[in-house]
1. Going by C-beta contacts inside 10 Å, put SER4, SER81 in order with the fewest on the left.
2. Using Cβ contacts closer than 10 Å as the measure, can you line up VAL112, VAL28 from fewest to most?
3. Counting only helical runs of four or more DSSP H residues, what would the 222 nm mean residue ellipticity of the chain come to if each run contributes -39,500 (n - 2.57) and the total is spread over all its residues?
4. Can you work out the FRET efficiency for the pair HIS15 and THR220, with r the C-beta to C-beta distance and R0 = 25 Å, to the nearest 0.05?
5. Just rank ASP78, ASP8, ASP209, ASP162, fewest to most, by other beta-carbon atoms within 10 angstrom.
6. Once phi is turned into θ = phi - 60°, what whole-Hz ³J(HN,Hα) does the Karplus curve with 6.51, -1.76 and 1.60 give for every residue of region 196-210, x standing for Gly and Pro?
7. If you look for lysine pairs in region 3-245 that are eight or more places apart or on different chains, how many of them have Cα atoms under 18 Å apart?
8. I need to check one value: relative contact order of the chain, counting alpha carbon pairs closer than 8 Å and at least 6 residues apart, in percent.
Amino acid sequence: MDHSKAYDLPIRIFHWLFALLFVFSFSVAKFIDDDSVLYAYHMLSGILMVSIVLLRIVWGFVGSRTARFSSFKLNPTDLISYFNSVISSRSKRYLGHNPASSYAALLMMAFVLGIGFSGLMMSLRIYKHFFEEAHELLAHGLLITVIIHVVGVILHQLRHRDGLITSMLNGKKTKIVDERDINSNHPIVALLLILSFLNMGNYLFKNFDNNTGVLKAFGTQVQLGEKEHKDRKLKDHNGHHEEDDD
């Protein structure tokens, strides 16, 4: 069976970094107590997610044809037609993002940027209660979008068996006659993406004090997690007892 080259290496690397960071961040936030030292790591992971999303946005303007936002199918009519045709197993096939995955990709990136911004506002104690609510709402919006996206990919693959799932591993889909393959895998850009990711991770973890929960980075100091709040409560509590003893 002939195949078409659909996705370059930077897109595939971004896809799996995004997936792993999302699973880690959401799991820590959901299952680790916010008083735990480990809780702050979901914020560090979130910063990494924002950084790779920003790189993905740049690649969305200068990357391969299927990576560019200009190739996304964002006409609402196309989206409705795509859903109808998937049910009837006659959906049109696309070399790059289909209408559903086009919307899903943009929504997920928007959610991550919103989550990152609201998390920063929470850490800076700016309208903390409001941004806590917004942060949780955005996180669950991202989760729902991810679930719908995964279910959609599985349904599409079961209907068409055209390599949609494995395309984010090998970059290939079953041959699409009326569309040209992309020209390059862009291995140098992929290497730069990996190095940038590793460098950012190293920078964050090197400047994060695990004992205090303070991140000193980008010319500022941010308290991650609830350690500062917990310590202040403990101090106030001890001070109250000392006054009672007097």
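Every read-out reported here was derived from the displayed coordinates using simple, explicitly stated rules and does not represent laboratory data. Note that this is a predicted model, so its numbers are computed, not measured. Please note: Cβ atoms are built from the backbone with ideal geometry, for glycine as well, and neighbour counts cover all protein chains shown.
1. On the way: SER4 21, SER81 14.
Placing the least packed residue first, the sequence is SER81, SER4.
2. On the way: VAL112 24, VAL28 20.
By the 10 Å Cβ count, ascending, the order reads VAL28, VAL112.
3. Details: 8 runs with 159 residues, N = 246.
Result for the chain: -22000 deg cm²/dmol, rounded to the nearest 500.
4. Details: r = 31 Å, r/R0 = 1.23.
Between HIS15 and THR220 the formula returns 0.20.
5. Working: ASP78 16, ASP8 24, ASP209 13, ASP162 19.
Arranged by neighbour count, lowest to highest, ASP78, ASP8, ASP209, ASP162 become ASP209, ASP78, ASP162, ASP8.
6. 5, 5, 5, 5, 5, x, 4, 4, 5, 5, 6, 9, 9, 8, 5
7. Final tally of qualifying lysine pairs is 16.
8. Values: 276 pairs, mean separation 73.2, N = 246.
This gives 30 percent for the chain.
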